[in-house]
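The values are calculated or read from the model by the stated rules, or taken from the named source; none is laboratory data. Computed from a predicted model, the values in this text were never measured in an experiment. Methodologically, a virtual Cβ is constructed for each residue, glycine included, from the backbone with ideal geometry; neighbour enumeration extends over all protein chains shown.
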Amino acid sequence: MSAPAKVRVWGWVAILFFLHFLLHVGLSYGRPAPDLLTLGLLLAAREIGAGRASALGLFFGLLEDALSVLAFGANSVAMTLVAVGGATTRDLFVGDSRVFLIAYLFVGKWVRDLVHWIAVGEGLRQPFVEQVVVQGALHGLYVAAIGIVIAGLAGLGGES
Amino acid sequence: MAPLGSESEANGRHRNLIGAFVVLLLALASAHLPEASQQRISGVLQASVLRPFIFTQERLEEASVGAAQADSLMAIVDSLSAVLSTHSALLNENRTLRDLLALAERAGPGYVPATVLRPGTSGSESVFLVDIGERDGVRQGSPVVNPRGLVGVIREVRSRSAVGMDWTHPDFRVSAMLADGSAYGLVENRPGRFREDDRLILNGVAYNQEIELGSMVVTSGFEGGVYPRGIPIGRIDELRDEQGSWRRSYWLIPMVEPGAATHVVVLTGRAGGDALDAWAGDTIGADTIEGGEPPR
């Protein structure tokens with residue numbers, strides 16, 4: 001990816017970071033607001049190595065954990081794993097086709113919800129089918145849809 | 001011998017993987033840190049990176065209350081018809097604030113009014129922030145109530161704010177009794193298939209104890225000083241279960257819908273041991289849950 005394209009991606013990651021906390025914390029939209037932090041992390045993870053991606057994931061996760069103190073660490077673990085996984089896909093899948101991007105964002109978000117469900121502990125988790133299978137899939141589609149819009153705006157995912 | 005380029009590439013990849021592994025260990029360790037360290041990290045992040053967003057939420061909440069009060073005053077000044085046409089949500093909010101004020105006055109100086117803020121992030125569905133903290137007398141375990149009854153309890157306290165959990169949290173439990181003191185038990189949360197289906201249950205009622213449907217359930221004050229006696233929790237809805245022939249449990253209709261609680265009072269260390277009188281006028285005689293139908 002060219003240098004201007006990288007700058008554009010990082011610009012979008014910063015915007016998604018800001019919008020995520022503005023919607024979830026500042027404006028208290030809660031669940032109807034999309035998980036833009038995971039979307040930003042997944043986009044960033046394609047640009048950097050696993051080491052730096054995991055550090056970014058840990059930072060994002062700690063920010064989420066700071067607001068969900070009763071399951072501290074669950075978001076950190078989930079975001080770090082997703083970041084490492086996202087960075088690893090660079091070695092496995094070359095190119096940024098739109099179909100790949102949709103699948104990548106959907107699976108990334110779903111895995112994030114799955115790991116969070118596991119890490120949050122038995123006492124706090126909702127039933128697996130409802131939270132991971134149903135809601136996780138819906139959240140994955142939601143993030144993938146938003147991701148495609150962002151990719152269109154940022155000029156990503158056009159290659160095949 | 002491998003070409004120099006591919007060797008340095010392999011080294012870079014190796015370093016990356018080691019770095020990722022170390023960070024992953026840190027992430028796993030964060031989940032097992034002592035609670036005090038976790039609170040310190042949360043506090044630092046809330047006071048730094050997250051501060052602008054929390055500040056935005058606080059200002060919007062204040063603006064919302066301010067706008068509601070201004071609209072209310074304007075309506076009174078303009079005409080009676082303007083008052084009658086005021087939006088029902090505004091009337092509800094005014095009523096809530098008035099009830100809260102009356103409750104705080106009846107209950108005494110140990111009850112400190114606060115505004116509730118919801119983080120709205122993943123895993124924080126049963127958690128809320130209040131805009132008062134240690135300097136206002138709030139301490140860990142302080143009950144959070146509103147004019148209808150028990151909302152939840154404070155879990156973490158900082159200088160100017162505190163974090164609480166409401167009754168929909170799976171860890172929530174409170175020792176309870178009927179308002180007339182005729183039966184005792186333990187009220188717990190029973191998570192539904194979805195968060196909106198969460199319900200309260202009164203456990204451990206003696207089998208031979210007949211309980212009339214609709215009876216008011218209040219805190220019993222047996223929590224070692226956490227909850228004073230007499231805070232309304234809910235009304236008996238129906239028999240849930242019989243354990244052999246020695247115990248019964250009942251579903252409750254909660255007095256408070258946590259999502260609708262925007263203004264509350266927090267009982268500080270100066271609160272008295274019996275709170276039944278503070279609610280007698282508001283809740284003990286009331287029939288329905290705040291905000292409409294009870295969750296099923």
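Assorted remarks:
- Check on A:Val133, surrounded by fewer than 21 Cβ atoms within 10 Å (Cβ to Cβ) and either under 17 Å from the mean Cα position of the chain (by Cα) or more than 24 Å from A:Glu64 (Cα to Cα) (or both): no
- Breaking point among (1) at pLDDT 85 or above; (2) of a type outside the set (Ser, Thr, Tyr); (3) surrounded by 15 or more Cβ atoms within 10 Å (Cβ to Cβ), for B:Arg247: (1)
- A:Ser68 crowded, with 21+ Cβ neighbours inside 10 Å and within 21 Å of A:Leu124 (Cα to Cα): yes
- Sole residue being at the interface with another protein chain (Cβ under 7 Å from one of its Cβ atoms) and over 30 Å from B:Pro170 (Cα atoms), chosen from A:Val84, A:Val94: A:Val84
- The residues in the stretch B:8-51 that are closer than 30 Å to A:Ser28 by Cβ, of a type in the set (Ser, Thr, Tyr) and either more than 8 Å from chain A (Cβ to nearest Cβ) or not in a helix (DSSP H, G or I) (or both) can be counted, and the count is 2.
- B:Leu73 outside any loop (DSSP other than H, G, I, E, B) and modelled with pLDDT under 70: no
- Residues of the stretch B:183-214 that turn out to be at pLDDT below 85 and of a type in the set (S, T, N, Q), as a count: 2
- Any hit, the stretch A:52-66, residues being facing chain B (nearest Cβ under 9 Å) and either β-branched (Val, Ile, Thr) or not in a helix (DSSP H, G or I) (or both): yes
Rundown of residues vs (1) assigned to a helix (DSSP H, G or I); (2) in contact (Cβ under 8 Å) with a residue 12 or more places away in the chain; (3) buried (at least 21 other Cβ atoms within 10 Å of the Cβ), yes/no style:
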{"residue": "A:Asp91", "(1), (2), (3)": "yes, no, no"}
{"residue": "A:Asp96", "(1), (2), (3)": "no, yes, no"}
{"residue": "A:Ile102", "(1), (2), (3)": "yes, yes, no"}
{"residue": "A:Arg125", "(1), (2), (3)": "no, no, no"}
{"residue": "A:Gly140", "(1), (2), (3)": "yes, yes, yes"}
{"residue": "A:Gly147", "(1), (2), (3)": "yes, yes, yes"}
